[in-house]
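Inspection log for the structure reproduced underneath, given as C-alpha cells.
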Amino acid sequence: MTDLKGPRDDRWYLSLMSPNTKGPQFAWLDPTSIYINAAAFDDLLDDLVAELNSDEIDVVAGLDAMGFVLGAAIGARLGRGFLPIRKAGKLCVDTDRVSYGNYSGRTQDMEMRTPAFAGGTRVLLVDQWVETGGTMDGAIRLVKRQGGTVAGLVTIAMEDNERTAAFRKSYPVTTAVLPGTAWQSQCNEQRLESFAAYSAGRTFPDAGRSMAPTGGQTSVE
C-alpha cells in the first residue's frame, strides 16, 4: 500500500472529521472518521502518545462512549490498563455516581466501579472531545473520590472556555488540536474550514488505497 500520509507536523488527519448533519441536539462534529482509517488513527495516536510519559501513569480511563475507543488505544500504546467511566445504569457492580452537565446543556449521571483502583493511583483521563468540560469535570470528581490522582487529560480537541482554562492550569493536557493554531480557532467557532470539502469516501480504508490529505485542509498551523 502506498504511503500517502501528510507531513507529520500538520495534523492532516483532522481534516477527515465530519460535520454534524442531524441538528443542534447532536455534537457539532464527528471525529470517528479518523478511527476508521488506519493511517489517520495511527498518526493521531503517535501525536498524542509522544507527549505522554507512561512512568507517570498507572491506568488510562476513557469516558463513555467514544472516549473508550481513544482511551483503550492509548492504554495499549502505553502498556497500561483501561478503566471505563460509564453513563449511569450500565455497570452491574457497585458504583460511585456523579451528575454533570454535558455539551447540550442536559444534566446526566456517570458512574465508575467501586473500588476501581488503589488509593494514590495515577489516572489518565481520555475523551474524544472536550467542549464545555462538564463531562470531564464529572470524571475528575469520580477519580478524586476514590483517592486517585489525575495524571492528565487527553483529547482530540479542547475548546477554549473558563472551565477548560482551569483544566489546563491544574493538569497536564494533551490534545491533537494544538493551542494557538488555526485548528484551535476553528474549533472554538465550531466550524472547520475542511467541512467545505468533506467527503465520507475520503476516509474509507478500501483495499489497495491509503488516505491522502487531498481535497481539503492539510495544514492550518
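The values are calculated or read from the model by the stated rules, or taken from the named source; none is laboratory data. Bear in mind that the values here come from a model prediction, so they are computed numbers and not experimental data. Counting neighbours? That spans all protein chains shown, and the Cβs are built from the backbone with ideal geometry, glycine included.
Here are some notes:
- In the set Arg97, Arg122, only one residue is in contact with a helix residue (DSSP H, G or I) (Cβ under 7 Å, 6 or more places away or on another chain), over 30 Å from Ala196 (Cβ atoms) and of a type outside the set (A, V, I, L, M, F, W, C); that residue is Arg122.
- Among the residues of segment 114-171, those identified as hydrophobic (A, V, I, L, M, F, W, C) and in a loop (DSSP other than H, G, I, E, B) are Ala116, Phe117, Ala118, Ile156.
- Members of segment 33-57 that are in contact (Cβ under 8 Å) with a residue 40 or more places away in the chain and either hydroxyl-bearing (Ser, Thr, Tyr) or crowded, with 17+ Cβ neighbours inside 10 Å (or both): Ser33, Ile34, Asn37, Ala39, Ala40, Leu44, Asp47, Leu48, Leu52, Ile57
- Residue in segment 20-27 that is small (Gly, Ala, Ser) and at pLDDT below 95 present: yes
- When segment 201-217 is limited to residues that are modelled with pLDDT of 85 or more and farther than 8 Å from Leu16 by Cα, the one that is surrounded by the most Cβ atoms within 10 Å (Cβ to Cβ) turns out to be Phe204.
- Filtered residues of segment 97-147 (kept if of a type in the set (Ser, Thr, Tyr) and more than 18 Å from Thr164 (Cβ to Cβ)): Ser99, Thr107, Thr114, Thr121
- Output for segment 107-127, where each listed residue is of a type in the set (A, V, I, L, M, F, W, C) and surrounded by 15 or more Cβ atoms within 10 Å (Cβ to Cβ): Met110, Met112, Ala116, Phe117, Val123, Leu124, Leu125, Val126
- Residue match in segment 33-54 (condition: over 19 Å from the mean Cα position of the chain (by Cα) and of a type outside the set (Phe, Trp, Tyr)): no
- Looking only at segment 97-106, and only at residues there that are under 24 Å from Val173 (Cβ atoms) and of a type outside the set (A, V, I, L, M), the one that is surrounded by the most Cβ atoms within 10 Å (Cβ to Cβ): Tyr100
- Within segment 183-200, considering residues that are assigned to a loop (DSSP other than H, G, I, E, B) and not aliphatic (A, V, I, L, M), the one surrounded by the most Cβ atoms within 10 Å (Cβ to Cβ): Tyr198
- Taking the conditions (1) surrounded by fewer than 23 Cβ atoms within 10 Å (Cβ to Cβ); (2) touching a Ser or Thr at 6+ places or on another chain (Cβ under 9 Å); (3) in contact (Cβ under 8 Å) with a residue 40 or more places away in the chain in turn, Thr132 satisfies each one other than (3).
- Residue list for segment 58-94, restricted to those being out of contact with any Lys or Arg (no Cβ under 6 Å at 6 or more places or on another chain), surrounded by fewer than 19 Cβ atoms within 10 Å (Cβ to Cβ) and among the β-branched types (Val, Ile, Thr): Val69
- The residue pairs whose first member lies in segment 166-182 and is surrounded by 15 or more Cβ atoms within 10 Å (Cβ to Cβ), whose second member is hydroxyl-bearing (Ser, Thr, Tyr), and whose beta carbons are closer than 6 Å, counting only pairs six or more residues apart or on different chains, are Thr175/Thr155.
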